[in-house]
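Have a look at the structure below, then the notes.
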Amino acid sequence: MQNSIDKFIESIKLSIASKKIVKILVNTPKNKNNDLKKVVIRIVDIKNENKLSFLYNHQTKDITKNYNLEDACLQINSLLNTEFQNAILYTIENDIRLQISKKNKATITTNKPTFTKQIETEHNKQKKRFVSLENNKYLQSLGVATKNGDIVQNMQDKYKQINKYVETIDGIIKASNLKNKKSLSIVDMGSGKGYLTFAVYDYLVNTLKIDAKVTGVEQRPDLVELCNKIAKENKFNGLNFSNGSIESYKTDNVDILIALHACDTATDDAIYKGISSNAEIIITAPCCHKQIRNQFNVENELKDVVKFGILEERQAEIVTDTIRSLMLEAYQYKTQVFEFIADAHTHKNVMIVGSKNSENNTSESEKYFEKIKNLKSVFGIKYHYLEKLFNREK
Ligand SMILES: C[S@@+](CC[C@H](N)C(=O)[O-])C[C@H]1O[C@@H](n2cnc3c(N)ncnc32)[C@H](O)[C@@H]1O
């Protein structure tokens, strides 16, 4: 019997090495009253390492455990020696069945494959990333990836964010008037260490094959120097970083303006630059909303809504971003506000996206300015910084 079990396990190892495995089923308990009814085993990718995930199906519960190949084979060997009399290895080439008789005689039979395609598991789905880790030199230089293609400890959230941004921006471009444009000019305001600037550039140029010119604008000279050095090392010729403030940056012919987590009113400076340079798309993820909060003076039914610090802070975020979205609408941008990533990864997860409205209906603008006026009056706000930039604070 052991000889056949060894052969069966050898087939499992071969099917994994040749990437033909679909799954393994261990079933038919020797004792009908056994609490464990069957075990389903699949390959999963955990932190870039192949593991075998065992789903133990008990009478009343399921338990999952992941093993490396060696331990998994020991487990299968033990299950077949003690509890089960049947096992099937499903591969895309054939089904290999091991059957153990009551007299502990084992036979192996080979049949046509039940599955001709591999099953995509949740773990494996997660591998589909917009930003690849493999040989990714800029992510290594930025301290996100290791030379082996792993994510640096504590950088998992940052990596997830980077991927989600690229995925989101990809979707926004594909749904916009820019979808068929072969060259794009993009400005990333307040680019910081450039994680997202690099990823967007790399994706547009090297994956979508778009002739993209991407500029990061950043007030910290040390970050600009570092990012320009990494861009040069990666031969990212259309990517450069400019030292200076968002307010003083000269924008012309910008297709997409991005400002992710630009502090407080820097987001408004960026939106103003985007609208006044007629950018097709404006993408912002605001952070630290201080300007409006300092002006709250509520003397109506909403007084209690801003009584407690944390609620006042949240309310300030909502009012600030609502006025931003209304301003974008007033300047003929179709606007969306959404959470782009689960807040387990970052609290700064609200995105405001404006896409140029092709109808260009300026007669609608007053309606939005009126809405802003009314909202300000409810919260006793004198002006929103973005209105001031447009000389509309009255
Ligand atoms: C929180 S970081 C975000 C960096 C990057 N966008 C990201 O999401 O990873 C904000 C960056 O914006 C820069 N910044 C803030 N206000 C700015 C301004 N008015 N002009 C230029 N850069 C600014 C800061 O120096 C900082 O590096």
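The values are calculated or read from the model by the stated rules, or taken from the named source; none is laboratory data. What you see is a predicted model, and the numbers here were worked out from it, not measured in a lab. Please note: Cβ atoms are built from the backbone with ideal geometry, for glycine as well, and neighbour counts cover all protein chains shown. These area figures cover heavy atoms from the full protein model, side chains too; ligands, DNA and RNA do not enter into them. Shrake-Rupley method; radii C 1.70, N 1.55, O 1.52, S 1.80 Å.
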Of the criteria (1) within 19 Å of residue 262 (Cβ to Cβ); (2) free of Cβ contacts under 8 Å to residues at least 12 places away in the same chain; (3) of a type in the set (Phe, Trp, Tyr), which one residue 338 fails: (2)
Those residues of segment 187-217 that are at negative phi, within 10 Å of the ligand (Cβ to nearest atom) and open to solvent by 20 Å² or more (accessible area, probe 1.4 Å) come to a total of 3
Pairs needed: first member in segment 199-212, under 18 Å from residue 160 (Cα atoms) and assigned by TED's automatic domain parsing to the domain that holds residue 165; second member anywhere, outside any strand (DSSP E or B) and open to solvent by 40 Å² or more (accessible area, probe 1.4 Å); C-beta distance under 8 Å; at least 6 residues apart or different chains. 199/130; 203/130
Can you find, within segment 52-70, the residue that is least open to solvent (accessible area, probe 1.4 Å) among those that are out of contact with any helix residue (DSSP H, G or I) (no Cβ under 8 Å at 6 or more places or on another chain), of a type outside the set (Asp, Glu) and assigned to a strand (DSSP E or B)? 56
Flagged in segment 246-274 as under 22 Å from residue 358 (Cα atoms), open to solvent by 20 Å² or more (accessible area, probe 1.4 Å) and more than 11 Å from the ligand (Cβ to nearest atom), in numbering order, are 251, 252, 253, 255, 272
Since residue 148 meets every condition but one in (1) under 15 Å from the mean Cα position of the chain (by Cα); (2) modelled with pLDDT under 90, which condition does it not meet? (1)
Checking the condition over 28 Å from the mean Cα position of the chain (by Cα), under 12 Å from residue 26 (Cα atoms) and assigned to a helix (DSSP H, G or I), which residue from 81, 86 passes? 81
Note on segment 162-186: residues among the acidic types (Asp, Glu) and within 13 Å of the ligand (Cβ to nearest atom) are none
